[in-house]
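A quick write-up on the structure given underneath.
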Amino acid sequence: MTNPVLVEVLRGAIVESAHRGAIAVFDADGKSVWEIGDTARPVFPRSAVKAIQALPLVESGAADAYGFGNRELALACASHSGQPEHVELARSMLAKAGLDETALECGAHWPSHDATIALARAGEVPNALHNNCSGKHSGFLCTCVHVGVAHKGYVNAGHAEQEMIRDAMQAVTGAAHGADERATDGCSIPTYAVPLRSFALGFARMVTTTGFGPERAKAAKRLLSACMAEPFFVAGTGRADVALMQAAPGRIFVKGGAEGVYCAALPELGLGIALKCDDGAGRAAEAMVAAVIAKLLHADETLAAKLIKLANAPIESRIGAKVGALRPTAALN
């Protein structure tokens, strides 16, 4: 099955590029609300499912033991930009468990923000705290220390931490997360390819807590609420996730992942959303998720207009002149 074109990129009035993709919108009972393209095809969710991966941090009691509030929980679900606030909060999380950045096994990379310039000017190089996944990994390490599991090798399949995460992912999405579905994510932890529709169902369950026991229900609500309350710590300055959640505080949860994946949840509708841009283009995935949420929340005309504007992001020249735009196709209208 060939997925339809969902976003076009205009330069002037001419279509310069086109992006195909698939979208799944489900309720917590497993009912399909809206599907476009091949939503049964397995995809790697990458960082879009960090809120589910963070469930053991809360369920184990580690988050309470270390006094974590909304900012720490948001960072545990984040793909942050490596700004000073992100780095220092991750450092603080580790310190509460008696650890430092040397315990992180996510690797290092330069920040995706102007913080890179500040580091370079100071003659410094990034460490693992600058990794966009350092908040998530700090949460993993805090969980290990709290439950009394040796943390060395915590990124490996078969480690107790990854088994807790796999079990949570499997239970929430309803999809098998076995060795046949497993590969390795950019931050070295296992990632599992399962049908796109399973992630939509999973986030519908996360936002409604349907089918969850008391502890998981409390943890899911707490994590999504933290992300919506502190979107800067989920991403960073100028990022799409922040703009979308700030457009309607407390009403939209979104989380992007590498290779054009997005997951989202709408509390007032009890719906979960998952999408994949076939060619992995992040800007197209951002346009897709904004357009989908605008359609689902169309009854709020003011909000829908904000979201449609985000979906039709301008293309600018090097001097800041608008020379084109992204445009969701009729399939998303």
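Things worth noting here:
- Three-way shape call for segment 142-216 based on the alpha-carbon gyration tensor, with the a/c threshold at 1.5: oblate
- Efficiency of FRET between residue 299 and residue 91 - r from beta-carbon atoms, R0 35 angstrom, step 0.05: 0.20
- Across every pair of non-identical alpha carbons in segment 260-303, the mean reciprocal distance, once inverted, gives a Kirkwood radius of 11.0 Å.
- Distance in nm between pseudo-label sites at residue 120 and residue 152 (7 Å out along the Cβ direction from Cα): 3.7
- Using a probe of 1.4 Å on the protein chains alone, the accessible area found for residue 302 is around 100 Å².
- For segment 141-183, the convex hull drawn through the C-alpha positions has a volume of 69 cubic angstrom per residue.
- Rounded D (µm²/s) - segment 11-124, Kirkwood Rh over Cα pairs, Stokes-Einstein at 37 °C, 0.692 mPa s: 182
- Set 50/255; 255/276; 50/276; 50/152; 96/136 screened for pairs whose C-alpha atoms are more than 19 Å apart: 50/152
- The calculated FRET efficiency for the pair residue 65 and residue 333, based on their C-beta separation and a Förster distance of 45 Å, comes to about 0.40.
- The largest-to-smallest principal axis extents of the Cα set in segment 52-100 are 29, 25, 15 Å.
- Residue 33-residue 279 FRET efficiency (beta carbon distance; Förster radius 30 Å; 0.05 resolution): 0.70
- For the chain, the dipole from Cβ point charges (+1 on Lys and Arg, -1 on Asp and Glu) about the Cα centre works out to 480 debye, to the nearest 20.
- Inverse of mean 1/r across different Cα pairs in the chain, Kirkwood, Å: 19.9
- Applying 0.36 nm per residue to the separation of residue 210 and residue 268 and subtracting their alpha-carbon distance, the gain on full extension is 19.5 nm.
- Value of D in µm² per second that Stokes-Einstein yields for segment 181-333, Kirkwood Rh from Cα pairs, at 25 °C (0.890 mPa s): 150
The values are calculated or read from the model by the stated rules, or taken from the named source; none is laboratory data. Just so it is clear, the model here is predicted, and its values are computed rather than measured. Quick reminder, even Gly has a Cβ in these numbers, built from the backbone with ideal geometry, and neighbours come from all protein chains shown. Each accessible area value is taken on the protein alone, full model and side chains, heavy atoms only, with ligands, DNA and RNA left out. Shrake-Rupley method; radii C 1.70, N 1.55, O 1.52, S 1.80 Å.
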